[in-house]
Amino acid sequence: MERVWITGGGSGIGRELALAYAHRGANVWISGRRLEVLQSVEQEAESLSGKVVPLELDVTNSQECLVVWQRLLEESGGLERVILNAGDHKEMPVAEFSQQTIEHLMNVNFYGVTRLIELALPWLSKEGGQLAVVASLAGYRGLPLAAAYGASKGALINMTEAMRAELQGSRVDIRLINPGFVRTPLTDRNKFEMPGLINADEAARRIVKGLDGSSFEIRFPTAFAATLRLLSMLPYRLYFALIRKLTSQ
């Protein structure tokens, strides 16, 4: 029976991933800061062929990360997939530039991932398994209002690419997941039109399919991802002119 750990599993993409894997018979451990939310996912999965087990965790707390990782290994006996999905989002216009916002988002989105990789990687390197990092298309290039969020996701992309270069041929199957706009409690805060917006269950289906495949990067929705990839290749002069036109910034 497949064993999966998903951080940020109480809502949005993480919740739908947990239910998708439980539907196909996996034992799924989900982590998040709010135990009652995790337990609601556990209850929803009771009718499925697999099961969901909640583990309360604040990824900004190194000691909690260690305790949860040790508990996971004890309860599961090992994991086939580790999906590091926990994250936060907050707009930061230049006029409201805030070191506090940057530190918060880096602590959750970037260091919240690296704390867990440091714990999981030695075990995965020995026993084998898949390590999936959820970043964002916003990490491809600097976008208006996303100086803090985009930086945290860009750091994840760069780190995961570097790790992939070293881990080729090893027992660790490392993957990079770059979603676009997905309807979640986080994106519900956005006050602007979100191009290519998809529901979290559709995002989960694409991720599950991608992780079963062989591609290093899983990115979606297709058209929006292709547009941002193209933008990332433009010289600065053209890029800034186009962004100004598209966003009226």
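Within region 100-149, how many residues are in a helix (DSSP H, G or I) and not aromatic (F, W, Y)?
The total comes to 30.
In region 103-124, is there at least one residue being touching a Phe, Trp or Tyr at 6+ places or on another chain (Cβ under 9 Å), small (G, A, S) and under 19 Å from L57 (Cα atoms)? Reasoning before the result, please.
The initial filter retains those residues of region 103-124 that are touching a Phe, Trp or Tyr at 6+ places or on another chain (Cβ under 9 Å), namely 105, 109, 116, 119-120, 123.
Filter again for small (G, A, S), leaving 120.
Now drop any that are not under 19 Å from L57 (Cα atoms), which leaves 120.
Checked against the condition, which is being touching a Phe, Trp or Tyr at 6+ places or on another chain (Cβ under 9 Å), small (G, A, S) and under 19 Å from L57 (Cα atoms), region 103-124 yields at least one hit.
Go through the residues of region 97-110 one by one and say whether even a single one is under 21 Å from the mean Cα position of the chain (by Cα) and of a type in the set (F, W, Y).
Within region 97-110 (the criterion being under 21 Å from the mean Cα position of the chain (by Cα) and of a type in the set (F, W, Y)), the answer is yes, since at least one residue qualifies.
Select from region 17-49 the residues that are part of a strand (DSSP E or B) and of a type in the set (V, I, T) and write down the one among them that is surrounded by the most Cβ atoms within 10 Å (Cβ to Cβ).
Only one residue tops the list, namely I30.
Would you confirm whether any residue within region 47-60 is under 19 Å from M159 (Cα atoms) and modelled with pLDDT of 95 or more?
Yes, region 47-60 contains at least one residue that is under 19 Å from M159 (Cα atoms) and modelled with pLDDT of 95 or more.
Yes/no per residue for (1) among the charged types (D, E, K, R); (2) touching a residue at least 60 places away in the same chain (Cβ under 8 Å); (3) crowded, with 16+ Cβ neighbours inside 10 Å; (4) within 28 Å of I218 (Cβ to Cβ):
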{"position": "P54", "(1), (2), (3), (4)": "no, no, yes, yes"}
{"position": "G77", "(1), (2), (3), (4)": "no, yes, no, yes"}
{"position": "N85", "(1), (2), (3), (4)": "no, yes, yes, yes"}
{"position": "E91", "(1), (2), (3), (4)": "yes, yes, yes, yes"}
{"position": "A95", "(1), (2), (3), (4)": "no, no, no, no"}
{"position": "E103", "(1), (2), (3), (4)": "yes, no, no, no"}
{"position": "F110", "(1), (2), (3), (4)": "no, no, yes, yes"}
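Restricting attention to region 112-139, which residues are under 19 Å from G210 (Cβ atoms) and without any contact (Cβ under 8 Å) to a residue 40 or more places away in the chain?
Hits for region 112-139 are A138, G139.
When you scan region 196-249, how many residues do you find that are assigned to a helix (DSSP H, G or I), closer than 23 Å to A20 by Cβ and among the β-branched types (V, I, T)?
3
Here are V82, V67, V52: which of them is more than 15 Å from V113 (Cβ to Cβ) and assigned to a strand (DSSP E or B)? Quick ask: steps written out before the conclusion?
On the way: V82 fails: more than 15 Å from V113 (Cβ to Cβ); V67 fails: assigned to a strand (DSSP E or B).
Matching residue, one of V82, V67, V52: V52.
Listed residues A132, A138; which is modelled with pLDDT under 95, closer than 23 Å to I207 by Cα and surrounded by 14 or more Cβ atoms within 10 Å (Cβ to Cβ)?
A138
The values are calculated or read from the model by the stated rules, or taken from the named source; none is laboratory data. Quick caveat: nothing in here was measured; it's all calculated off a predicted structure. Please note: Cβ atoms are built from the backbone with ideal geometry, for glycine as well, and neighbour counts cover all protein chains shown.
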